[in-house]
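To start, the structure itself, in structure tokens.
The values are calculated or read from the model by the stated rules, or taken from the named source; none is laboratory data. Note that the structure is predicted; figures quoted are calculated from it, not measured. Ideal geometry is used to build each Cβ from the backbone, glycine not excepted, and the neighbour counts take in all protein chains shown. The area values use the complete protein model at the heavy-atom level, side chains included, leaving out ligands, DNA and RNA. Shrake-Rupley method; radii C 1.70, N 1.55, O 1.52, S 1.80 Å.
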Amino acid sequence: MLLFERGTLELWTGLVIIILLGAAALFAPFLSTHAPFRTNPENWLCPPCKEHLFGTDRLGRDLFSRVLYGGRFSMAVGCLSMLLSVGIGLCAGLIAGSYGGIVDETVMRLTDIVLVFPTMLLVLSLIALFEPEPWMVVLVIGGTGWPGIARLVRGEVLQLKEAEFVSSARMLGAGRFRIIRYHLLPNAVAPVLVAATLCVPAAIMMEAGLGYFGVGVQPPVPTWGNMLREAQLYLRHAWWYAFFPGLFLFLTVFGFQLTGEGLRKKWGLSPSVRRG
Amino acid sequence: MYILRRFLQTSFVLFGVSVVTFLMLHVAPGHPLQSNPEMRLDPTAVERWLQLRQLDRPLFGRYISWLSRLFRGDFGVSLLYNRPVTELMAERLPSTLLLTVTAFVISLLLAVIIGTYAARYQDSACDRVVNIMSIAGNSLPGFWLGILLVIVFSYKNQLFPAAGMRTPGDGSPADIARHMFLPLSVMVFANFSYYVRYVRGAVLAVLKQDFVRAAKSRGLNDRQLLFRHVLPNAAIPVVTIAALSLPMLFTGAMTAEYVFAWPGIGRFIVSSLLARDYPVVMTVNLYTACLVALANLLADLLYLLIDPRLRVKR
């Protein structure tokens, strides 16, 4: 049956989760039942009920609305960081792969240098050095996520360079950029797309981690990470405070991972070991 | 030749790491003097202070002297504790090792057993469950899982303590084990879901090879086939993963240690980062990056040791 073909089930489940959560984030102003910043001191830490679907937080703000608005930020950071990582990774990989020689060696050693720093540690250190502005968070997360993609692209290019259609194009007098644009890039799309899909949840998780450690975007802007941080002081009395932001974070990451895994299986690619 | 090349590459990477770390330390906003009002008042004191710390010298000279101090084992002094960073880290290493090594051994064993089983019965219900579980496990934020465990096991039922390593006045192994249970569960779950995919993939790849079919047709039973032919050949990817996670044993798990206030290196790293204790932050970055670079080298050398075929190929 079509549904049980390799990867199909994962792909569609993942896509449905992403689309639902994406829509929830996009239409947050219409879906939210309360203003995300409106406090109500008399009704703090109220358990989930009809009025407040996910309960209220320490200032009596409606958690359902805040979780929806938090999704906007997480998704935006995830996608923008992914674009940045893929952009840098593609350029570095293409340059290293197609030029070869000393250029290749230099680019790959630079990649190694970034790769040997554990990502979470590097991101935390850089954020601690600079300011936790939203654009800085994107820049740091995106700017540290590219080495894996660079390696992948370089590997693809090295393989494709040996292909006969590339040699024939070169013999016909095609320039380097024409070969990259019309022969290398279109053939490297599948693995890069999988890597890009898997880049989004990594960035979302990283952003939430920053928020949880208290160095991400600062409250009162609601993000899933900083909501979890606030909730930690009230775990004994208010399980819903920590449960719902985390649940949405988990579902989002899960949706993207499933999609990536589904695509990978469909196209018959093998999982790559990330070194570092 | 190959080994020499890898050594050269590793030393280049280590050099790069030291440059990056040094630059990060020096672009940190907030001159040390700005936060100390007494020194700002007296220009001669400022000059003396700069001279004492060699901050008046050009960047390159400072890098050289910083590097030579590193080689002499002087990693700087924590701004927060006013003690050598190495001393602070050495104190926290044992509790980190206790946690990480236990988690590593348990999760790797579980992953090898369950991963092999899932691959042997590919596409069975069990295999599908393992597959989905591993994706879900990779998507589960460690801090959220930790928080949920605390709510369920420490607050709703008082089964396990929520934080720390020992009850004051009690440091018996049983007490430590009780404290270790929740952070250990978070780490085992995360590591297991990560390893199991690779074990399953590696075993699956071997099972498809001709020599396995040949062995099967010679009448070997499942057990003989598994231990003599499949596992030894599936070892390489698994050893890679294991070698690459060795650095984690020494740096600790930042999230798990932070959530459960485990007095190890991971928590020390996070709290120093939050306090902007730059000397500690940079030492930690340097230390981890070096460990990772060496683990990469180790993984490559292990290949040659395990698989004699590769020695010829390269």
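Please return the ranges of helices (runs of 4 or more DSSP H) entirely within segment B:234-314 where 2 or more residues are over 30 Å from residue B:117 (Cβ atoms) and modelled with pLDDT of 80 or more.
B:254-259, B:265-274, B:278-306
Which pairs turn up if I take residues in segment B:6-21 that are under 20 Å from residue B:299 (Cβ atoms) and part of a helix (DSSP H, G or I) and look for partners that are open to solvent by 10 Å² or more (accessible area, probe 1.4 Å) and β-branched (Val, Ile, Thr) with beta carbon separation below 7 Å, at least 6 apart in sequence or on another chain?
Close Cβ pairs satisfying both conditions: B:13/A:113; B:16/A:113; B:17/A:113.
Which ones in segment B:160-179 are open to solvent by 60 Å² or more (accessible area, probe 1.4 Å) and either in contact with a Ser or Thr (Cβ under 9 Å, 6 or more places away or on another chain) or under 28 Å from residue A:224 (Cβ atoms) (or both)?
Listed by number, the residues that qualify are B:166, B:178.
Just give me the residues in segment B:260-302 being within 17 Å of the chain's Cα centre (by Cα), open to solvent by 20 Å² or more (accessible area, probe 1.4 Å) and under 19 Å from residue B:184 (Cβ atoms), in sequence order.
Hits for segment B:260-302 are B:263, B:267.
Residue-by-condition table, conditions (1) open to solvent by less than 20 Å² (accessible area, probe 1.4 Å); (2) more than 10 Å from chain B (Cβ to nearest Cβ):
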| site | (1), (2) |
| --- | --- |
| A:187 | no, yes |
| A:190 | no, yes |
| A:216 | yes, yes |
| A:221 | no, yes |
| A:232 | no, no |
| A:239 | no, no |
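Hey, could you check segment A:261-276 for residues that are small (Gly, Ala, Ser) and open to solvent by less than 60 Å² (accessible area, probe 1.4 Å) and say which is modelled with the lowest pLDDT?
Ranking the qualifying residues of segment A:261-276, first place goes to A:276.
For residues that are at the interface with chain B (Cβ under 8 Å from one of its Cβ atoms), assigned to a helix (DSSP H, G or I), hydrophobic (A, V, I, L, M, F, W, C) and free of Cβ contacts under 8 Å to residues at least 12 places away in the same chain, tally how many sit in segment A:111-164.
3
Working only within segment A:10-32, note down all residues that are in a loop (DSSP other than H, G, I, E, B) and surrounded by 13 or more Cβ atoms within 10 Å (Cβ to Cβ). Please lay out each step first, then the result.
Going through segment A:10-32, the residues in a loop (DSSP other than H, G, I, E, B) turn out to be A:27, A:32.
A:32, the sole residue that qualifies.
Residues to consider are B:231, B:305, B:226; find the one that is under 21 Å from residue B:198 (Cα atoms) and exposed (fewer than 15 other Cβ atoms within 10 Å of the Cβ).
B:305
Give me the residue from segment A:165-178 that is farther than 17 Å from residue A:94 by Cβ and in a loop (DSSP other than H, G, I, E, B) and, out of that set, most open to solvent (accessible area, probe 1.4 Å).
We begin by selecting, within segment A:165-178, every residue farther than 17 Å from residue A:94 by Cβ; these are A:165, A:167-168, A:171-173.
Filter again for in a loop (DSSP other than H, G, I, E, B), leaving A:172-173.
On the way: A:172: 151, A:173: 62 Å².
Among residues in segment A:165-178 that are farther than 17 Å from residue A:94 by Cβ and in a loop (DSSP other than H, G, I, E, B), the one most open to solvent (accessible area, probe 1.4 Å) is A:172.
Do we have any residue at all in segment B:131-140 that's without any contact (Cβ under 8 Å) to a residue 60 or more places away in the chain and in a loop (DSSP other than H, G, I, E, B)?
yes
In segment B:148-164, what residues are under 15 Å from residue B:262 (Cβ atoms) and part of a helix (DSSP H, G or I)?
Answer for segment B:148-164, where residues must be under 15 Å from residue B:262 (Cβ atoms) and part of a helix (DSSP H, G or I): B:149, B:150, B:154.
Take segment B:191-212 and flag every residue that is among the aromatic types (Phe, Trp, Tyr) and either in a loop (DSSP other than H, G, I, E, B) or within 14 Å of another protein chain (Cβ to nearest Cβ) (or both). Walk me through how you get there before you give the answer.
Step one: filter segment B:191-212 for residues among the aromatic types (Phe, Trp, Tyr), giving B:192, B:194-195, B:198, B:211.
Result: B:194, B:195, B:198.
Conditions (1) modelled with pLDDT of 85 or more; (2) loosely packed, with under 14 Cβ neighbours inside 10 Å; (3) in contact with a Ser or Thr (Cβ under 9 Å, 6 or more places away or on another chain), marked per residue:
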| position | (1), (2), (3) |
| --- | --- |
| B:71 | no, yes, no |
| B:75 | no, no, yes |
| B:78 | no, no, yes |
| B:105 | yes, yes, no |
| B:112 | yes, no, no |
| B:116 | yes, no, no |
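Note down all Cβ pairs under 8 Å where the first residue falls in segment B:264-281 and is closer than 16 Å to residue B:84 by Cα and within 10 Å of chain A (Cβ to nearest Cβ), the second is at pLDDT below 85 and open to solvent by 50 Å² or more (accessible area, probe 1.4 Å), and they're at least six residues apart or on different chains.
Pairs that qualify, where the first residue is closer than 16 Å to residue B:84 by Cα and within 10 Å of chain A (Cβ to nearest Cβ) and the partner is at pLDDT below 85 and open to solvent by 50 Å² or more (accessible area, probe 1.4 Å), are B:272/B:80; B:277/B:79; B:277/B:80; B:278/B:79.
Only one of A:222, A:191, A:201 is of a type outside the set (Ser, Thr, Tyr) and part of a loop (DSSP other than H, G, I, E, B). Can you tell me which?
A:222
If a residue must be of a type outside the set (Ser, Thr, Tyr) and more than 14 Å from chain B (Cβ to nearest Cβ), how many such residues does segment A:89-110 contain?
12
Within segment B:182-221, can you find the residues that are polar (S, T, N, Q) and surrounded by fewer than 16 Cβ atoms within 10 Å (Cβ to Cβ)?
Once the filter is applied, which keeps residues that are polar (S, T, N, Q) and surrounded by fewer than 16 Cβ atoms within 10 Å (Cβ to Cβ), segment B:182-221 yields B:209, B:217, B:221.
Which of (1) open to solvent by less than 10 Å² (accessible area, probe 1.4 Å); (2) modelled with pLDDT of 85 or more; (3) more than 8 Å from chain B (Cβ to nearest Cβ) is the odd one out, the single condition residue A:258 does not satisfy?
Only one criterion in (1) open to solvent by less than 10 Å² (accessible area, probe 1.4 Å); (2) modelled with pLDDT of 85 or more; (3) more than 8 Å from chain B (Cβ to nearest Cβ) is unmet by residue A:258, namely (3).
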